[in-house]
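Peer 1: Pasting a structure below so you can have a look.
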Amino acid sequence: MQFQQLQYFVAVAETRHFTRAAELVHVAQPSLSQQIRALERELGADLFQRARGNITLTDAGEALLPLARRILADTETARYEVQELAQLRSGRVRLGATPSLCTGLLPDVLRAFHDRYPGIRLLIEEGGSHDLVRQLARGALDLALVVLPLPTPSPALTTVELLREDLVVVSSPEAPKPGDGRRTVRIADLEGERLVMFRHGYDLRELTVAACRAEGFEPGFAVEGGEMDAVLGFVRAGLGVAVVPRMVAARSGRGLRVTPLARPGLYRTIALAHRSDVAPPRAARELQRMLLER
């Protein structure tokens, strides 16, 4: 099995078209088809069902695709690792993080990293913990900041707890203060509030809804489905209240009232994750060190 054959196979799998795949990898279409057939002979199974105008993966092709993508990603990582200069003057870091962490935790750390290593490219992927874990597993990320516990525990990942962050309630200063004006808000006080809620799959959504249900009520939503910036904007407009991380609230500027949650409150645990079977590239290890020492 040759690396080039895997490249061709993934290109056909993603385009579902031999001619477009050949253009994508800059090779003549007959040469690409020949290499795919050679790969199928070596594996002893057809990888594609070829019908006129319709290319689909066989069961063998479906099984090979995630493995081929991981091999190609690992090879690309190895290339960057070897090409990095001793003083970290070049290279890249592919970092995944939830949108709230991109807003709250990362800006200061990434600024410090960029000031120290201006030649390192920072590639940021925003997503929920579930999506980021999947991206790590297929080799598309070097590191990811995720919320524990992971939605699907994976022995292939190493996680290191980074911080525990309090959650707070944000509301419009022009709206009545939640919790009857008290200095802190209990989860039970949210039963009479209309919540501005994040989209499905968002870690903060699951945490908030679970806390409300533990108090014996189903939360009511004024609006739902947004990312962090949209949720904060809807709260500023007076549509409802939201439960957000303290760091995000602190960075959000004017237009928001911040009310702490009464003890024991709510918090989330942030961890730094990477694949257990592949060491992160040197630049990623340096960013990892800075995050852990922040």
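The values are calculated or read from the model by the stated rules, or taken from the named source; none is laboratory data. In this text, all values refer to a predicted model and were calculated from it rather than measured experimentally. Cβ coordinates were reconstructed from backbone atoms using ideal geometry, including for glycine residues, and neighbour counts include every protein chain displayed. Calculation scope for accessible area: heavy atoms of the full protein, side chains included, ligands and nucleic acids excluded. Shrake-Rupley method; radii C 1.70, N 1.55, O 1.52, S 1.80 Å.
Peer 1: Residue pairs, Cβ under 6 Å, 6 or more apart or interchain, first in region 261-274 and closer than 8 Å to residue 164 by Cβ, second open to solvent by less than 30 Å² (accessible area, probe 1.4 Å) and part of a loop (DSSP other than H, G, I, E, B). List them.
Peer 2: none
Peer 1: Can you name every residue in region 44-54 that is among the aliphatic types (A, V, I, L, M) and surrounded by 15 or more Cβ atoms within 10 Å (Cβ to Cβ)?
Peer 2: If the condition is that a residue be among the aliphatic types (A, V, I, L, M) and surrounded by 15 or more Cβ atoms within 10 Å (Cβ to Cβ), then 47 is the only one that fits.
Peer 1: Let me ask something else. Consider residue 117 against the criteria (1) closer than 20 Å to residue 250 by Cβ; (2) touching a residue at least 40 places away in the same chain (Cβ under 8 Å): it satisfies all of them except one. Which criterion is unmet?
Peer 2: (1)
Peer 1: All but one of (1) closer than 30 Å to residue 249 by Cβ; (2) without any contact (Cβ under 8 Å) to a residue 40 or more places away in the chain; (3) touching a Lys or Arg at 6+ places or on another chain (Cβ under 8 Å) hold for residue 111; which doesn't?
Peer 2: (3) is the only condition that residue 111 fails.
Peer 1: Quick one: which residue in 294, 263 is within 30 Å of residue 92 (Cβ to Cβ) and part of a loop (DSSP other than H, G, I, E, B)?
Peer 2: 294
Peer 1: To continue, here is another question. Hey, can you tell me all the residues within region 226-267 that are closer than 18 Å to residue 198 by Cβ and hydroxyl-bearing (Ser, Thr, Tyr)?
Peer 2: Scanning region 226-267 gives 252, 267.
Peer 1: Looking at residue 94 and the list (1) part of a loop (DSSP other than H, G, I, E, B); (2) open to solvent by less than 50 Å² (accessible area, probe 1.4 Å); (3) modelled with pLDDT of 90 or more, which single condition is not satisfied?
Peer 2: Here residue 94 clears every test but (1).
Residues are listed down the side, and each one gets a yes or a no for (1) open to solvent by less than 30 Å² (accessible area, probe 1.4 Å); (2) at pLDDT 95 or above; (3) farther than 30 Å from residue 77 by Cα; (4) among the acidic types (Asp, Glu):
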{"site": "210", "(1), (2), (3), (4)": "no, no, yes, no"}
{"site": "217", "(1), (2), (3), (4)": "yes, yes, yes, no"}
{"site": "226", "(1), (2), (3), (4)": "yes, no, yes, no"}
{"site": "232", "(1), (2), (3), (4)": "yes, no, yes, no"}
{"site": "246", "(1), (2), (3), (4)": "no, no, yes, no"}
{"site": "254", "(1), (2), (3), (4)": "no, no, yes, no"}
{"site": "267", "(1), (2), (3), (4)": "no, no, yes, no"}
{"site": "276", "(1), (2), (3), (4)": "no, no, no, no"}
{"site": "283", "(1), (2), (3), (4)": "yes, no, no, no"}
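Peer 1: Might you check whether a residue that is closer than 30 Å to residue 70 by Cα, surrounded by fewer than 21 Cβ atoms within 10 Å (Cβ to Cβ), of a type outside the set (Lys, Arg) and touching an Asp or Glu at 6+ places or on another chain (Cβ under 8 Å) occurs anywhere in region 178-194?
Peer 2: no
Peer 1: If I ask for residues that are at pLDDT 90 or above and either surrounded by fewer than 15 Cβ atoms within 10 Å (Cβ to Cβ) or part of a helix (DSSP H, G or I) (or both), which ones from region 109-121 would you list?
Peer 2: 109, 110, 111, 112, 113, 114, 115, 116, 118, 121
Peer 1: If we keep just the residues of region 53-91 that are charged (D, E, K, R) and either under 24 Å from residue 126 (Cα atoms) or in contact with a Phe, Trp or Tyr (Cβ under 9 Å, 6 or more places away or on another chain) (or both), which is modelled with the lowest pLDDT?
Peer 2: For region 53-91, the residue satisfying everything is 81.
Peer 1: If you don't mind, there's one more thing I want to ask. Would you check if residue 161 is open to solvent by 40 Å² or more (accessible area, probe 1.4 Å), touching a residue at least 40 places away in the same chain (Cβ under 8 Å) and part of a strand (DSSP E or B)?
Peer 2: yes
Peer 1: Let me ask another. Take the residues in region 129-139 that are out of contact with any helix residue (DSSP H, G or I) (no Cβ under 6 Å at 6 or more places or on another chain) and of a type outside the set (D, E, K, R), then tell me which one is most open to solvent (accessible area, probe 1.4 Å).
Peer 2: Checking each candidate, the answer is 130.
Results for (1) open to solvent by 50 Å² or more (accessible area, probe 1.4 Å); (2) touching a Leu at 6+ places or on another chain (Cβ under 9 Å), shown as yes or no for each residue.
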residue	(1), (2)
33	no, no
56	no, no
65	no, yes
99	no, no
123	yes, yes
